[in-house]
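Below is one structure; the comments refer to it alone.
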Amino acid sequence: MYQWNFAFLVDFRGLLLSGVLYTLGYTVLCIVLGLLFGLIAGIGQLSPSKWINSPLKAYVEIFRCTPVLIQLIWFYYALPSLLGIEMSASTAAILALSLYGGAFYSEIIRGGIISIDPGQPEAARALGMTKFQIMHRVVLPQALRRMTPPLLNQSIMQLKNTSLVSVLALPDLVYQGQLIVHETYRPLETYTLIALIYLAILLPTTTLVKRLETRTAL
Amino acid sequence: MTEAMIEIDGLHKQFGDNVVLKGISMRVAKGTVVALIGSSGSGKSTLLRCINLLTIPDAGSVRVGSHVMTYSGDSTQLPKDREQAAFRANTGMVFQHFNLFPHMTVLHNVMEGMVTVLRKPRAQAEQEAIALLEKVGLRDKAGEFPHCLSGGQKQRVAIARALAMQPQVMLFDEATSALDPELVGEVQAVMRALADDGMTMIIVTHEISFARELADEVVFMGDGVVVESGPAKDVIDNPRQSATRLFLSRFNGKSPGRDESPRVNRC
Ligand SMILES: Nc1ncnc2c1ncn2[C@@H]1O[C@H](COP(=O)(O)OP(=O)(O)O)[C@@H](O)[C@H]1O
Ligand SMILES: [Mg+2]
């Protein structure tokens, strides 16, 4: 029978805390950038112009249908040599994860927009609003209500996906965990604690999603 | 009273192979009410939507007040988004299904165009919106959200929202068709008051007796053309064309069945 012992992890609290902060930092960046990409791709795909919507559709499909781990590695190793630019591991990781998340966000945003009754933009148009005003004042505020729960769900995925940056040796929570394991040879306790930390961060968010879902269902 | 407020000339519109408007020309004198009647699918909504550019005509011209839009069928010559928006703001539109903004209170529905399009200061817009709500008898509902209102109240808010843009003309597309019978009267009363105020109006309606009473002129549309038009009582009481006679005989002074079952919205 394995003897569980978590006490040694107290010595690594500084490392773990810095890992949590890195993970949260990457998450915030990847969510904000991902939402930006998602907004552009989601609205752009609704454009009647093929020149605008085709490339965006291609972007969404490529990033939705390939593994994010491969995207990450590809951004770090292949892209810089293809374009002849220097890219730090952080930049590559944030870019890849944001574009990946953005592809999913864009589908949520596009779906939210097309679920709005066409009478809504029409009434706004009849008042003399411009396309931008209609989006900003009438369509998006209504769509946002419906989109919030799935956007939050996707953001939860974004947080968990940041664990992949550890393959580029970026010091997130999982990477710090690996360091601790190398030093202590106690993977069971270490990874269990790390899982519990993720759980503690995400549980409030999933509870919030549940509450929002029942509210928007009314 | 002979000056035309709305002048439509040679309006054409087709959707794919479906030619809906085949060269419509009409004039609406300032301060008069024209009732547009015709069977379902005859192009009444399309004509109204072309007048405020919700639908872009293929050819022809539309003038409302001093604003003119001419279409030649050349898609590269289309007016800019902003020009069209200004044109629309001057042409109030009331829809069958109200289309109030559900995420805004009644007051903010009415203020929205004044603030976003006309760029009036909020305080002024609020004052004007309250005056308009007073006019349609809904001042006490200013703070409610649309889902709390009855259909008749919603439509009156929609009228106030359109009036807030101080349009030179008002277009009504079956404004009472989605209402429970007992709520039709309150909306018609608001329309009547507007007409009495001298507003230039085009109303699409299946309420023939309302058209006869309110409108100065009736235009009967069929198959994408104006079949018959003239003073309301003449056209309705003594139609000259057989198509008009056939259409009117189907009503027998009653309204046709509505295309939607009554819905109850209460808070
Ligand atoms: N956006 C559209 N796309 C395709 N066909 C349309 C569109 N709007 C209207 N039509 C067609 O135009 C014809 C006239 O419709 P409409 O103007 O709504 O008639 P009415 O209001 O007199 O009932 C119908 O055959 C309808 O199917
Ligand atoms: Mg119609």
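Screening the range A:138-157 for residues that are without any contact (Cβ under 8 Å) to a residue 40 or more places away in the chain and within 13 Å of another protein chain (Cβ to nearest Cβ) and picking the one that is nearest to the chain's Cα centre (by Cα) gives A:144. Would you confirm, using the coordinates I've provided, whether residue B:174 is within 16 Å of ligand 1 (Cβ to nearest atom) and either at pLDDT below 95 or within 14 Å of chain A (Cβ to nearest Cβ) (or both)? Considered against the rule, which asks whether it is within 16 Å of ligand 1 (Cβ to nearest atom) and either at pLDDT below 95 or within 14 Å of chain A (Cβ to nearest Cβ) (or both), residue B:174 comes out as yes. The set of residues in the range B:15-25 that are closer than 21 Å to residue A:122 by Cα and surrounded by 15 or more Cβ atoms within 10 Å (Cβ to Cβ) comprises B:20, B:21.
Restrict the check to the range B:129-139 and report whether at least one residue is crowded, with 20+ Cβ neighbours inside 10 Å, assigned to a helix (DSSP H, G or I) and within 12 Å of chain A (Cβ to nearest Cβ). For the range B:129-139, residues crowded, with 20+ Cβ neighbours inside 10 Å, assigned to a helix (DSSP H, G or I) and within 12 Å of chain A (Cβ to nearest Cβ): absent.
Would you confirm whether any residue within the range B:51-69 is within 16 Å of ligand 2 (Cβ to nearest atom) and in contact with a Pro (Cβ under 8 Å, 6 or more places away or on another chain)? Working first, answer last.
Of the range B:51-69, the ones within 16 Å of ligand 2 (Cβ to nearest atom) are B:51-52, B:54-55.
Now drop any that are not in contact with a Pro (Cβ under 8 Å, 6 or more places away or on another chain), which leaves none.
No, that holds for no residue.
The single condition among (1) at pLDDT below 95; (2) under 19 Å from residue A:150 (Cα atoms) that residue A:49 does not satisfy is (2).
Considering the range B:230-240 alone, what residues qualify as being under 18 Å from residue B:251 (Cα atoms) and either assigned to a strand (DSSP E or B) or out of contact with any strand residue (DSSP E or B) (no Cβ under 7 Å at 6 or more places or on another chain) (or both)? So that I can check it myself, show each step before the final result.
If we filter the range B:230-240 for residues that are under 18 Å from residue B:251 (Cα atoms), which is where we start, we get B:232-240.
Matches in the range B:230-240: B:233, B:234, B:237, B:238.
The values are calculated or read from the model by the stated rules, or taken from the named source; none is laboratory data. Just so we're clear, the structure is a prediction, and the values are computed from it rather than from any experiment. Virtual Cβ from ideal backbone geometry, glycine too; neighbours counted across all protein chains shown.
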